[in-house]
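*Asks:* What follows is a structure written as structure tokens; I'll ask about it next.
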Amino acid sequence: MALTSPLDAERIRADFPLLGREVHGKPIIYLDSAATSQKPNAVLDAMDLYYRTINSNVHRGVYQIAEQATNELEAAREKVRAFINASSVAEVIFTKNATESLNLLVQSWGRANLVEGDVVLLSHMEHHANIVPWHMLVAERGIQLRWIPLTADGQLDLTDLDALVEGAKVLSVTAMSNVLGTINSVRTLTDAARAVGAISIIDGCQSVPHTSTDVQALGADFLAFSGHKLLGPTGIGVLWGREELLAEMPPFIGGGEMIRDVRLDGFTCNDLPWKFEAGTPAIAEIIGLGAAIDYLSAIGIDNVRAHERMLTEYTLRTLSMRFGDDIVIHGPTEPEHRGGVFSFAFKDLHPHDISQVLDEHAVCVRAGHHCAKPLMKLMGVGATARASVYLYNTTADIDALGDALEAAGSFFAF
Amino acid sequence: MPGLEDLYREIILDHYRNPRNRGELESPPAQRVEGFNPLCGDEIVVYLELDDDERISDIRIGGQGCSISQSSASMMSAAVKGHTVAEVGDLTRAFKGMMSIHESSLGGESTEPEDLPDVKLGDLEALRGVVKFPVRIKCATLAWNTLAQAIDEASA
Ligand SMILES: Cc1ncc(COP(=O)(O)O)c(C=O)c1O
């Protein structure tokens, strides 16, 4: 069966300067987009143009370039709003990254609303960013954590969802696993949460860059994601929340920008979304994120998903055809249920040793626990090697991965 | 440009495939200490027995990890067995010196490369190439840090 994609990945690659470089004298094969994506010229140029032509602080200047910078920043907010179909820009808060978005929620909403004994429902496949902030609240408040278990093929086991969610105040779950690639049925989860009066938080770090997101259809109350996995720069993340909830929440970090008035005896908060944006924002990064969203939208996020589905099918098929029982790819076996993230075990080689040999072949994959140690423990491994794809990857990249794996196999052959 | 053969010397692969002193000792009396590399999840367990003269009378290594961490642990176990705590301290400083780690950067006494203890590293020399792969230095030193902790606890 021939595999088809709506994208011309070769042409897309030309927009990403880093993909044109070599390492160890060979063209780079970048297979680590789940950690961070590469950046197109459009993003680099937008940030460069900001610094070269309108660099100034936002929201307070009356002179022309300050007004331009402010307009550009707020235009980027509108692009994010449209990209996730939020109902208002007041619901789009800029943070440093998804980790900060989740910490903001725990520190602001969590501390205002949770008391000893309250239950927060997480899953066994969460990233540490959606575990540790809750552990911190366990230590401070004595809240309780419950965990949605996984099936053998790495999907959420929702058999006992009703019992698990019963009495919970919060459900906080990833939409796509950064280790297994599993795409979770978010709507089932948020419906179950709403039925018991719990709020739901979705970690969209892996899903937002690769699949279309409509926060109004998700049924969630909050969504967190990072710009750098979405073709944007580092240092910029997003927290989306329903306006009624955000309006009730106390501020997280205090300082300039987030206030309406400051007196010797206190302060009043600014309106949303600025209430949660203390201090000078990451202006260039926000503008860069806006450019990234323009770039992705022009290509079409559904086309990105279709391309990655094709690559997923190709990867699962070729690697198992080539290596048979020597390779185990963790997670769901159906491309329908997973994104382009492939954690694998190869022969009895340690992930570090695999990735070291792969590096020699200019193939960039990640080795480690991927900030998901509870999941690693459940899988019974200390670490995995992980390859992950994006819109600029091709079947040739997967073939190169296969060739490099073969080389690793013979290098360590006993 | 350092190549794979700088890192994976034959003797390293040999220790990886046939680890020395692999196993467990009953604890107590043996001291049992676990070491983790938080970056990659590698884990080393050192079982240590000291005799009355502060000499390592027996050592066993458990845990799981990459070829560098496991072979470094294997070579270390062979190198320290039968030696006194003081000798092992010198060997550890010499090994870490080879890894470009000097105690001053760890908050201890300053040890400039030129006044490193004059000890023979033997097989351990094979790990010299690891310095060229900075992310792997932690793999090579994991066993040594775990041993140091085991010695501290055993002599406490
Ligand atoms: C599922 C998931 N959640 C959260 C994060 C944290 O993202 P960041 O480090 O950008 O805050 C990541 C990134 O690795 C992720 O994959």
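*Asks:* Mind telling me which of the residues B:Ser72, B:Ser100 ends up being modelled with pLDDT of 90 or more, within 18 Å of B:Lys132 (Cβ to Cβ), of a type outside the set (Phe, Trp, Tyr) and under 16 Å from the mean Cα position of the chain (by Cα)?
*Replies:* Exactly one residue qualifies, and that residue is B:Ser72.
*Asks:* For segment A:130-140: of the residues being surrounded by 15 or more Cβ atoms within 10 Å (Cβ to Cβ) and not aliphatic (A, V, I, L, M), which is farthest from the ligand (Cβ to nearest atom)?
*Replies:* A:Trp134
*Asks:* How many residues does segment A:102-123 hold that are within 13 Å of the ligand (Cβ to nearest atom) and outside any strand (DSSP E or B)?
*Replies:* Summing the residues that are within 13 Å of the ligand (Cβ to nearest atom) and outside any strand (DSSP E or B) in segment A:102-123 gives 4.
*Asks:* To continue, here is another question. Residue under question is A:Lys79, and the condition is that it be more than 14 Å from every other protein chain (Cβ to nearest Cβ), within 14 Å of the ligand (Cβ to nearest atom) and charged (D, E, K, R); does it hold?
*Replies:* For A:Lys79, the condition - more than 14 Å from every other protein chain (Cβ to nearest Cβ), within 14 Å of the ligand (Cβ to nearest atom) and charged (D, E, K, R) - is not met.
*Asks:* In segment B:132-141, which residues are more than 12 Å from every other protein chain (Cβ to nearest Cβ) and surrounded by 17 or more Cβ atoms within 10 Å (Cβ to Cβ)?
*Replies:* Residues satisfying the conditions are B:Ile137, B:Thr141.
*Asks:* Yes or no: segment A:191-206 includes at least one residue that is within 14 Å of chain B (Cβ to nearest Cβ) and either outside any helix (DSSP H, G or I) or within 11 Å of the ligand (Cβ to nearest atom) (or both).
*Replies:* Within segment A:191-206, none of the residues are within 14 Å of chain B (Cβ to nearest Cβ) and either outside any helix (DSSP H, G or I) or within 11 Å of the ligand (Cβ to nearest atom) (or both).
*Asks:* Answer yes if at least one residue in segment A:388-402 is buried (at least 24 other Cβ atoms within 10 Å of the Cβ) and either within 14 Å of chain B (Cβ to nearest Cβ) or at pLDDT below 95 (or both), and no otherwise.
*Replies:* no
*Asks:* May I ask you to verify whether A:Ala217 is in contact (Cβ under 8 Å) with a residue 60 or more places away in the chain, more than 14 Å from chain B (Cβ to nearest Cβ) and either touching a strand residue (DSSP E or B) at 6+ places or on another chain (Cβ under 8 Å) or within 16 Å of the ligand (Cβ to nearest atom) (or both)?
*Replies:* Criteria not met by A:Ala217.
*Asks:* OK, next. So is A:Ala362 closer than 23 Å to A:Leu156 by Cβ, within 14 Å of another protein chain (Cβ to nearest Cβ) and over 18 Å from the mean Cα position of the chain (by Cα) or not?
*Replies:* No; evaluated as a whole, the condition is false for this residue.
*Asks:* Let me ask something additional. For segment A:165-174, check the following and say yes or no: at least one residue is within 16 Å of the ligand (Cβ to nearest atom), within 30 Å of A:Asn57 (Cβ to Cβ) and not aliphatic (A, V, I, L, M).
*Replies:* no
*Asks:* May I ask you to verify whether A:Ile84 is more than 15 Å from the ligand (Cβ to nearest atom), under 20 Å from A:Gln206 (Cα atoms) and either buried (at least 20 other Cβ atoms within 10 Å of the Cβ) or free of Cβ contacts under 8 Å to residues at least 12 places away in the same chain (or both)?
*Replies:* yes
*Asks:* Here's a follow-up. Regarding A:Ile183, is this residue within 15 Å of the ligand (Cβ to nearest atom) and either aromatic (Phe, Trp, Tyr) or farther than 25 Å from A:Leu246 by Cβ (or both)?
*Replies:* Judged against the criteria, A:Ile183 is a match.
*Asks:* Are any residues in segment A:242-301 of a type in the set (Gly, Ala, Ser), under 30 Å from A:Arg13 (Cβ atoms) and surrounded by 17 or more Cβ atoms within 10 Å (Cβ to Cβ), and if so, which ones?
*Replies:* Answer for segment A:242-301, where residues must be of a type in the set (Gly, Ala, Ser), under 30 Å from A:Arg13 (Cβ atoms) and surrounded by 17 or more Cβ atoms within 10 Å (Cβ to Cβ): A:Ala282, A:Ala284, A:Gly288, A:Gly290, A:Ala291, A:Ala292.
Every residue, every condition in (1) out of contact with any strand residue (DSSP E or B) (no Cβ under 8 Å at 6 or more places or on another chain); (2) within 14 Å of another protein chain (Cβ to nearest Cβ), yes or no:
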| position | (1), (2) |
| --- | --- |
| B:Leu4 | yes, yes |
| B:Asp14 | yes, yes |
| B:Asn18 | yes, yes |
| B:Arg22 | no, no |
| B:Glu26 | yes, no |
| B:Gln31 | no, no |
| B:Phe36 | no, yes |
| B:Cys40 | no, yes |
| B:Leu48 | no, no |
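*Asks:* Is one or more of the residues making up segment A:313-321 touching a residue at least 24 places away in the same chain (Cβ under 8 Å) and within 14 Å of chain B (Cβ to nearest Cβ)?
*Replies:* No, there is no match, as no residue in segment A:313-321 is touching a residue at least 24 places away in the same chain (Cβ under 8 Å) and within 14 Å of chain B (Cβ to nearest Cβ).
*Asks:* Applying the selection to segment A:220-238, what residues are within 11 Å of the ligand (Cβ to nearest atom) and either without any contact (Cβ under 8 Å) to a residue 12 or more places away in the chain or within 27 Å of A:Ala193 (Cβ to Cβ) (or both)?
*Replies:* A:Ala224, A:Phe225, A:Ser226, A:Gly227, A:Lys229, A:Leu230, A:Gly237, A:Val238
*Asks:* Related question: Would you confirm whether or not segment A:253-261 contains a residue that is more than 16 Å from the chain's Cα centre (by Cα) and within 30 Å of A:Glu334 (Cβ to Cβ)?
*Replies:* For segment A:253-261, residues more than 16 Å from the chain's Cα centre (by Cα) and within 30 Å of A:Glu334 (Cβ to Cβ): absent.
*Asks:* Additional query: So which of A:Thr53, A:Thr36, A:Thr70, A:Thr99 is outside any loop (DSSP other than H, G, I, E, B), within 16 Å of the ligand (Cβ to nearest atom) and either out of contact with any Pro (no Cβ under 7 Å at 6 or more places or on another chain) or of a type in the set (A, V, I, L, M) (or both)?
*Replies:* A:Thr99
The values are calculated or read from the model by the stated rules, or taken from the named source; none is laboratory data. A quick note: this is a predicted structure, and the numbers were derived from the prediction, not measured. Don't worry about glycine lacking a Cβ; one is built from the backbone with ideal geometry, like all the others, and counts go over all protein chains shown.
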